[in-house]
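Structure first, then comments.
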Amino acid sequence: MRSYRIAAIAGDGIGKEVIPAGLEVLRALQARAGDFELEVVDFPWGSDFYRETGRMMPEDGLDQLRGFDAIYFGAVGDPHLPDSLTLWGLRLNICQGFDQYANIRPTRVLPGLESPLRGAGPGSIDWVIVRENSEGEYAGHGGRAHRGHEIEVATETSIFTRVGVERIMRTAFTIAASRPRKLLTVVTKSNAQRHGMVFWDEVAAKVAAEFPQVTWEKELVDAMAARMVRKPDSIDTVVATNLHADILSDLAGALAGSLGVAPTANLDPSRQAPSMFEPIHGSAFDITGKGIANPVATFWTACMMLEHLGEKPAAERLMRGIEAATAKGVTTPDLGGKANTAEVTAAVVDAIRSSN
Ligand code: NAI
Ligand code: MG
């Protein structure tokens, strides 16, 4: 029996609702498949942990996680704590600590769901956004001086390194090459940002030479936002900086129907450290505790986790289970449905149990 160790970090808010739902679905999947097992260890880290200990995760937290095969993550964010503290204290600490430099965000309109875009049905949006996840605008490089004074100054410097840009380009070209259309759009802002973004374009052209089978093109980020709405069919795989892809992928999630269905994977493609799988959304204070959080993004990211672990048949079985539930209209209120988290979970579990 193949066996994997999974670290589950539910975190805050609806993270504590969707991660248990995801684990329930994974247990059903493991029982149905019968040829692999998941050993799940829960880590109670997050804002409550901060209130008890003064830290979002223990000082040796990364060492505790290092031996796991994957991390299954919910969300962080607490209405009574600064977002910069909660995000950097846990989620970004793990992403950067483990150098999970490739953030992969698939988008598709699932069966039965409706895109807010007129005429965009299932199949008309089928994208993978590849986000640089270790440097760029979120490198944390900058500072503040003369606080509170008239001459106060704050800087937030973007960092683009040759190693960093090359490796994300290679990941993006590899993903584009693996997809039927073999099309990659390299997003920049190299008209206005003439140092880092021109460098980004140059590195893209260099790496492109290694992938003659991939057609690639450049697009400015603002034009890309418009194109996602105007010509969704013209897009397949997209690579963009940390900030640009952060924004574009929220737009992508919304165009697919809801942030509640959008999954993501923070990968260390070198596999030296565990990769982390999570929904794109945050802790959603406005619906926390109501039992109506959409668990689909958390289920979909579990598919990505299984694929990363090499369990492709199980990943596909789970995706079919998710699609069976959405096709039947068993959806939460963010998608216009009437089901709650537990009912969507039960529908996916049923579909897994009865799958062949
Ligand atoms: P959010 O993603 O938590 O919520 C935005 C809107 O989408 C809300 O109206 C929410 O109810 C809805 N929504 C999100 N996920 C949903 C789901 N699964 N089912 C149904 N509806 C869903 O973003 P917001 O409100 O900007 O941030 C709330 C907190 O989450 C903040 O503290 C923020 O820093 C944090 N955050 C954390 C992230 C992470 O842990 N990866 C990512 C984004 C935000
Ligand atoms: Mg975001």
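What list do you get for H308, H244, H149, H141 if you sort them by fewest beta carbons within 10 Å? Could you put the intermediate results ahead of the total?
Details: H308 20, H244 26, H149 8, H141 12.
Taking fewest neighbouring Cβ atoms as first place, the list is H149, H141, H308, H244.
Taking all pairs of different Cα atoms in the chain, averaging 1/r and flipping that mean, what Kirkwood radius in angstroms comes out? Before the final figure, lay out the partial values.
On the way: mean 1/r = 0.0477 Å⁻¹.
Result for the chain stands at 21.0 Å.
Taking neighbour Cβ counts within 10 Å as the exposure measure, how do T155, T171, T301, T332 sort from fewest upward? Working shown, then result.
On the way: T155 9, T171 20, T301 27, T332 23.
In increasing order of surrounding Cβ atoms, one gets T155, T171, T332, T301.
Lys and Arg at +1, Asp and Glu at -1: add these up for the other residues within a Cβ distance under 12 Å of T326 and post the number.
+1
Restricting to Cα pairs below 8 Å that are 6+ residues apart, what does the relative contact order work out to for region 144-209? Please round to a whole percent.
Numbers: 41 pairs, mean separation 19.5, N = 66.
That works out to 29 percent.
Could you tell me what fraction of 2.2 N^0.38 Å the Cα radius of gyration of region 1-111 comes to, as a two-decimal ratio? Show your work: numbers first, answer last.
On the way: Rg = 15.2 Å, N = 111, 2.2 N^0.38 = 13.2 Å.
It is 1.15.
Note down the net charge around K206, summing +1 for each Lys or Arg and -1 for each Asp or Glu among other residues with Cβ under 12 Å from its Cβ. Before the final figure, lay out the partial values.
On the way: positive: R162, R170; negative: E166, D201, E202, E210.
Net local charge, K206 excluded: -2.
What whole-number value in cubic angstrom gives the convex hull volume per residue for the C-alpha atoms of region 167-274? Before the final figure, lay out each step's value.
Working: hull volume 12.8 nm³, N = 108.
Output value, Cα hull per residue: 118 Å³.
Are there DSSP H segments in the chain that both extend 15 Å or more along their axis (alpha-carbon positions) and score a mean Kyte-Doolittle hydropathy of at least 1.0? List them, or say none.
Numbers: long enough: 15-33 (26 Å, 0.30); 162-178 (24 Å, 0.46); 196-208 (18 Å, 0.81); 242-255 (20 Å, 0.73); 296-309 (20 Å, 1.11); 312-327 (22 Å, -0.21); 341-353 (18 Å, 0.88).
Span-like helices, by this rule, are 296-309.
Sequence gap at least 6, Cα distance under 8 Å: using those rules, report the relative contact order of the chain to the nearest whole percent. Working shown, then result.
Working: 734 pairs, mean separation 79.7, N = 356.
Result for the chain is 22 percent.
Given Cα pairs under 8 Å that are at least 6 residues apart, what percent is the relative contact order of region 1-122? Working shown, then result.
Working: 157 pairs, mean separation 36.1, N = 122.
Value for region 1-122: 30 percent.
Beta carbons within 10 angstrom, averaged per residue: use that to sort the peptides 8-20, 217-229, highest first. Mind dumping the intermediate values first?
On the way: 8-20: 25.6, 217-229: 15.9.
Most protected by this proxy first, the peptides run 8-20, 217-229.
Just so you know, all these numbers are worked out from the coordinates, no wet-lab data involved. What you see is a predicted model, and the numbers here were worked out from it, not measured in a lab. A quick note on method: Cβ atoms are made from the backbone with ideal geometry, for glycine too, and the neighbour counts reach across all protein chains shown.
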